[in-house]
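The values are calculated or read from the model by the stated rules, or taken from the named source; none is laboratory data. Everything quoted here is computed from the prediction, not taken from an experiment. Neighbour counts are summed over all protein chains in view; Cβ atoms, including those assigned to glycine, are modelled from backbone coordinates with ideal geometry. These area figures cover heavy atoms from the full protein model, side chains too; ligands, DNA and RNA do not enter into them. Shrake-Rupley method; radii C 1.70, N 1.55, O 1.52, S 1.80 Å.
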Amino acid sequence: MRDQKILIVDDSEMNRALLAEILEEQYQMEEAENGLEAIDILSRRAAEFSLILLDIFMPKCSGFEVLAYMNEYRLLENTAVIMISSDDSNESIKKSYEMGAFDYISRPFDSMLVRHRVSNTMLLYAKQHRLANMVVEQIYEQQKNSKLMVSILSHIVEFRNGESGQHITHVERITELLLKQLVQLTDRYSLTASEISLISTASALHDIGKISIPDEIINKPGRLTDEEFALMKQHAAIGADMLHDLSSEEQKEELVKKAYEICRWHHERYDGRGYPDGLKGDEIPISAQVVALADVYDALTSERCYKPAYSHEEAVRMIMDGQCGIFNPVLLECLAVIGTGIKKSKGKINTYENESQALRSVQEKLNSSELFSVKKNMKFMDVLSFEQQRFNFLSEISTDILFSYNSETSALLLNAHGAKQLGLETGVQSPATNPKIREIVDPETILSVQEKIREAQPDKPSVQFDISFCIGREKITYHSICKTIWSSEINGERLGVVGVLIETGREYQHFSGRCLHDMLKDGESEPSGPYLSVDRKEARRMIGNLQRIFDTVYLVDSSCERWGMVDETGRFIPKEEYCYTVWEKNNRCENCISARVLSSKSRASKLEFMGRDVFYILASYLEIDGQPYSLTMVAKLAKETILEEGGKETVIQSICAYNERLFLDSQTKVYNRRYYEEYLKAVNREQAVVVIDVDNLKYINDHYGHQAGDMALLDVTEILSRFISEKDYIVRYGGDEFVLVFHDVQNLKEILEKIRTEINRQTSDVQPGIRLSVSIGGIIGTGTVDSLFSVADTVMYQAKRIKNKAIVYRLDEWQDQSGAGEEK
Amino acid sequence: MDLKSCYLRLGGDYDEVLGRLHKESLVEKFLFKFLDDGSFRLLEESFANGNHEEAFRAAHTLKGVCQNLSFTQLYRSSNEMTEFLRGGTGLDAPELLAQVTADYRQTVDAILAYQTSREEHG
């Protein structure tokens with residue numbers, strides 16, 4: 001790496017010296033004290049520099065002028081530019097980006113950040129450079145492919161024609177010879193070498209229209225009847241039409257344009273007596289004139305089903321006599337001159353030795369439609385830096401823990417959220433030995449992680465490990481999925497690691513309901529800070545702006561189910577379907593971030609997978625005219641942005657498993673308390689909340705063992721799930737307490753009574769003596785789940801006292817009743 | 001006098017600069033280098049010659065240097081000067097110039113005092 005050279009351009013000697021000091025251990029340095037000097041250096045030795053640190057305000061010639069110079073001489077392709085800016089120049093930063101700067105560093109300099117940015121830029125620029133080469137190769141490949149495609153197509157025709165298999169290659173060769181001779185005799189047609197090669201290649205397609213002519217006409221040994229000949233003549237126009245049917249993109253190809261001329265007009269004659277259009281003289285494109293002559297010459301000198309082969313001399317005489325129609329005199333001259341050359345070269349014309357193999361490979365290529373995909377790649381190039389910036393932006397506001405480690409600088413960088421979660425700075429120097437890290441991770445784990453990373457290889461760059469952090473009184477375990485990054489220049493040199501930490505578990509010393517509640521409070525991703533409250537007009541404008549950054553932007557209302565957009569006036573227009581149908585799910589997402597942000601009035605993010613695509617979803621609490629919504633923004637991640645190919649499957653599995661582990665009760669597989677706290681409790685609408693307590697679970701556990709207790713719980717959940725629709729929820733709230741949330745409040749009392757008697761009837765498979773009993777209390781009303789829950793809990797205790805009866809109140813009834821109760 | 005008290009004296013933020021540059025030796029090196037920095041002199045000269053463009057550039061450079069060294073006090077006045085010059089074409093700001101000059105003197109004095117105490121104590 002020491003061989004990479006950086007040019008520092010800044011008018012302040014102090015600033016140059018400081019940057020040099022920070023970077024000199026890793027790179028070679030050169031300094032320029034103004035833009036003019038920089039341009040002078042670049043004009044002579046631009047290739048030496050991998051990177052330029054460029055100040056904006058300088059005497060003589062500003063940083064922008066240097067950028068403009070670099071643009072003009074295409075120096076930015078190989079040399080990255082990082083702008084140095086002071087905090088006051090947002091406009092300048094924007095302008096720099098527009099002019100092709102890759103990144104910017106603002107004063108005051110943070111030495112670690114400078115090193116990291118510089119090293120990252122070099123890495124990414126090298127990647128882009130490789131990509132650029134790839135595109136060039138792709139273009140080359142495309143030309144090769146087109147040539148091959150032409151050859152394949154024409155040979156298919158030839159095969160059907162029952163011709164010698166050599167006709168196409170002969171015509172191609174003769175066309176080339178005639179054209180080369182033509183430019184020597186006259187400059188009338190001003191043909192370049194590449195045009196000659198293009199016309200020769202395209203000549204192979206002259207008869208593709210014959211594909212649609214019936215076999216019996218094409219292979220008829222005798223003379224064709226007038227009708228048959230009329231049909232046969234159509235092949236010229238048909239071939240041209242075939243090319244005309246190509247996509248407009250493909251029609252812009254020079255090769256296709258030439259082929260069109262040739263197909264349509266290779267049966268025209270100089271005197272205007274040919275077909276299909278009866279063009280005359282130089283109305284006929286020169287390409288078609290030449291191919292016509294080559295076609296006729298080769299037909300005469302080859303054996304056909306209806307005629308023997310004529311000698312070269314005979315053929316030339318017949319053509320000169322006009323027996324095959326009238327040709328351009330200049331071309332006849334050419335034919336006469338090259339006559340003997342044709343004879344010689346005809347014997348030597350190469351054909352595809354391995355035709356069927358070539359055919360297969362081209363057909364595969366055609367099928368995978370790589371042929372015209374160059375432009376797509378170009379676009380990808382353009383979006384790469386955009387993607388990078390977008391990803392940086394997303395990672396900054398992400399509520400996942402994202403990290404990158406740079407081997408060269410030994411610096412670990414965390415995104416803002418990650419740093420906060422782990423109680424670290426966003427930059428950590430030498431993490432393995434850093435005292436702050438050692439405080440929260442035990443040394444053995446550090447060793448094993450180092451070991452895992454060391455074991456990674458360039459061909460197997462993915463690494464996964466589990467790591468636990470002791471933060472406060474909690475031990476939080478994360479599953480890490482990361483990727484090692486390797487140098488493209490030096491074999492086996494590891495440049496760094498990037499990755500994500502996914503929380504898989506939390507342990508807490510005192511696992512009681514109260515503590516759990518506190519813990520969940522602490523663990524909430526973002527404190528409910530100031531949130532956005534806007535009017536309709538502002539909402540409309542803001543969403544419009546966001547739509548430029550994200551692929552999709554939509555709102556989810558406070559029921560966490562209705563999604564939609566705002567209209568021109570900013571009014572929320574819900575769709576008919578549920579928001580989870582967007583993600584091709586039948587149920588609400590386990591990890592519903594809209595519910596999370598609506599309950600915490602904050603932001604949350606997650607990854608969602610659909611088919612082979614990965615989406616980054618960001619939700620943010622937003623009030624429009626006082627109504628709460630979850631503003632949901634979706635960005636499709638380019639595979640290259642974060643995940644490697646093939647690595648995705650494991651990520652999907654991990655995320656699914658993670659959601660399951662996190663939000664489903666391990667015993668009963670219904671939602672757990674965490675799900676309730678994070679997602680459910682804030683749902684606000686008309687609904688019913690029911691609390692069910694298993695009366696004798698403790699007794700069963702004590703007398704028959706925990707096995708029997710577990711079985712009893714499974715029996716209960718099985719019965720509960722029978723009475724619950726897709727839109728309702730079962731939560732195991734505590735050891736023996738379940739919470740049901742009903743979307744539909746019709747017939748609730750009957751349903752709950754059925755549940756109670758069902759459970760009562762249930763006898764255990766393990767212990768026939770065990771009879772289960774539950775107490776059920778429910779409340780129907782409008783409000784958050786949490787507020788209804790506290791009432792339902794009281795109702796449940798009432799039911800426990802009364803026994804053998806499920807009790808349900810409407811919220812207003814309950815308020816009257818309890819108010820009356822207090823008076824008594 | 002140690003580095004920290006030198007920073008205290010010149011109205012700077014020592015913890016901030018150490019947090020960025022990480023090495024005390026580096027901070028010290030550039031602290032001394034500041035004595036050779038010509039941007040303040042250029043600012044004075046430009047005011048004397050009535051060269052607005054040069055004055056703006058000098059103030060801007062001085063501000064940048066102060067930012068990098070966490071010279072908070074001098075940064076504040078040189079920033080104000082930069083903004084004043086960025087806007088118009090005039091150089092009529094005797095109070096601002098006096099403030100920058102006073103802050104510059106204080107900074108240089110503190111550095112010189114620190115230098116002396118370093119030399120005395122080896």
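Please specify each residue of region A:292-316 satisfying the condition of being open to solvent by 70 Å² or more (accessible area, probe 1.4 Å), farther than 19 Å from A:THR175 by Cα and not in a loop (DSSP other than H, G, I, E, B).
A:GLU314
When only residues in region A:212-230 that are open to solvent by 70 Å² or more (accessible area, probe 1.4 Å) and within 21 Å of A:ASP277 (Cα to Cα) count, which is nearest to the chain's Cα centre (by Cα)?
A:PHE229
Go through region B:6-20 and count every residue that is more than 12 Å from chain A (Cβ to nearest Cβ), touching a residue at least 40 places away in the same chain (Cβ under 8 Å) and either farther than 15 Å from B:ASP103 by Cα or β-branched (Val, Ile, Thr) (or both).
Selection size over region B:6-20: 1.
Being under 25 Å from B:ALA59 (Cβ atoms), β-branched (Val, Ile, Thr) and not assigned by TED's automatic domain parsing to the domain that holds A:SER407: is that true of A:ILE84 here?
yes
So that you can scan it fast, the table gives a plain yes or no per residue for (1) modelled with pLDDT under 80; (2) among the acidic types (Asp, Glu); (3) on the phi > 0 side of the Ramachandran plot; (4) surrounded by fewer than 20 Cβ atoms within 10 Å (Cβ to Cβ):
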position: A:THR552; (1), (2), (3), (4): yes, no, no, yes
position: A:VAL556; (1), (2), (3), (4): no, no, no, no
position: A:GLU561; (1), (2), (3), (4): yes, yes, no, no
position: A:PRO574; (1), (2), (3), (4): no, no, no, yes
position: A:GLU577; (1), (2), (3), (4): yes, yes, no, yes
position: A:THR581; (1), (2), (3), (4): yes, no, no, yes
position: A:ASN587; (1), (2), (3), (4): yes, no, no, yes
position: A:ILE593; (1), (2), (3), (4): yes, no, no, no
position: A:SER600; (1), (2), (3), (4): yes, no, no, no
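Test A:MET58 against the stated conditions and say whether it is within 14 Å of chain B (Cβ to nearest Cβ), modelled with pLDDT of 85 or more and closer than 28 Å to B:ASN79 by Cα.
So A:MET58 fails the test.
Need pairs with beta-carbon distance below 9 Å; first residue closer than 19 Å to A:ALA336 by Cα and within region A:181-195, second outside any helix (DSSP H, G or I) and open to solvent by 80 Å² or more (accessible area, probe 1.4 Å); sequence gap 6+ or separate chains.
A:LEU182/A:ARG188; A:VAL183/A:SER190
Which of the residues belonging to region A:445-469 are open to solvent by less than 40 Å² (accessible area, probe 1.4 Å) and in a strand (DSSP E or B)?
Within region A:445-469, A:VAL463, A:PHE465, A:ILE467, A:SER468, A:PHE469 meet the criteria.
Give me a count of the residues in region A:87-146 that are at pLDDT below 70, farther than 26 Å from A:ILE485 by Cβ and of a type in the set (A, V, I, L, M, F, W, C).
Of the residues in region A:87-146, 1 are at pLDDT below 70, farther than 26 Å from A:ILE485 by Cβ and of a type in the set (A, V, I, L, M, F, W, C).
Modelled with pLDDT of 85 or more, in a strand (DSSP E or B) and open to solvent by less than 60 Å² (accessible area, probe 1.4 Å) - does that describe any residue in region A:792-807?
Checked region A:792-807: at least one residue is modelled with pLDDT of 85 or more, in a strand (DSSP E or B) and open to solvent by less than 60 Å² (accessible area, probe 1.4 Å).
Within region A:91-123, restricting attention to residues that are within 14 Å of chain B (Cβ to nearest Cβ) and surrounded by fewer than 17 Cβ atoms within 10 Å (Cβ to Cβ), which residue is nearest to B:LEU26 (Cα to Cα)?
Looking at the filtered set, the residue picked out is A:SER106.
Scan (1) at pLDDT 80 or above; (2) closer than 22 Å to A:SER666 by Cβ for the single condition A:ASP518 breaks and write down its number.
A:ASP518 satisfies every listed condition except (1).
Can you tell me how many residues within region B:51-62 are acidic (Asp, Glu) and either at the interface with chain A (Cβ under 7 Å from one of its Cβ atoms) or loosely packed, with under 15 Cβ neighbours inside 10 Å (or both)?
1
So for region A:362-373 (the condition being at pLDDT below 90, open to solvent by less than 70 Å² (accessible area, probe 1.4 Å) and outside any loop (DSSP other than H, G, I, E, B)), does at least one residue qualify?
Among the residues of region A:362-373, at least one is at pLDDT below 90, open to solvent by less than 70 Å² (accessible area, probe 1.4 Å) and outside any loop (DSSP other than H, G, I, E, B), which makes the answer yes.
Suppose we filter A:LEU51, A:LEU67, A:LEU75, A:LEU36 for residues that are away from every other protein chain (no Cβ under 13 Å), in contact (Cβ under 8 Å) with a residue 24 or more places away in the chain and open to solvent by 70 Å² or more (accessible area, probe 1.4 Å); which single one remains?
A:LEU36
Going through region B:21-50 one residue at a time, which ones are within 11 Å of chain A (Cβ to nearest Cβ), among the polar types (S, T, N, Q) and open to solvent by 50 Å² or more (accessible area, probe 1.4 Å)?
Passing the criteria: only B:SER25.
List pairs: first in region A:290-301 and farther than 17 Å from A:TRP265 by Cβ, second open to solvent by 20 Å² or more (accessible area, probe 1.4 Å) and part of a helix (DSSP H, G or I), Cβ under 7 Å, 6+ apart or cross-chain?
A:LEU300/A:MET318; A:THR301/A:HIS312
Return the residues of region B:80-119 that are of a type in the set (Gly, Ala, Ser) and part of a helix (DSSP H, G or I); say none if nothing qualifies.
The answer is B:GLY87, B:ALA98, B:ALA102, B:ALA110, B:ALA113, B:SER117.
I need the full set of residues from region A:10-33 which are within 37 Å of the chain's Cα centre (by Cα), more than 12 Å from every other protein chain (Cβ to nearest Cβ) and crowded, with 19+ Cβ neighbours inside 10 Å, in order please.
The answer is A:LEU23, A:TYR27.
Residue check: is A:LEU42 away from chain B (no Cβ under 14 Å), more than 27 Å from A:ASN406 (Cβ to Cβ) and crowded, with 17+ Cβ neighbours inside 10 Å?
yes
Show the residue pairs that are 6+ apart or on different chains and have beta-carbon atoms under 8 Å apart, the first residue being within region B:63-86 and in contact (Cβ under 8 Å) with a residue 40 or more places away in the chain and facing another protein chain (nearest Cβ under 8 Å), the second being acidic (Asp, Glu) and in a helix (DSSP H, G or I).
Short answer, once both residue conditions are applied: B:SER70/B:GLU16.
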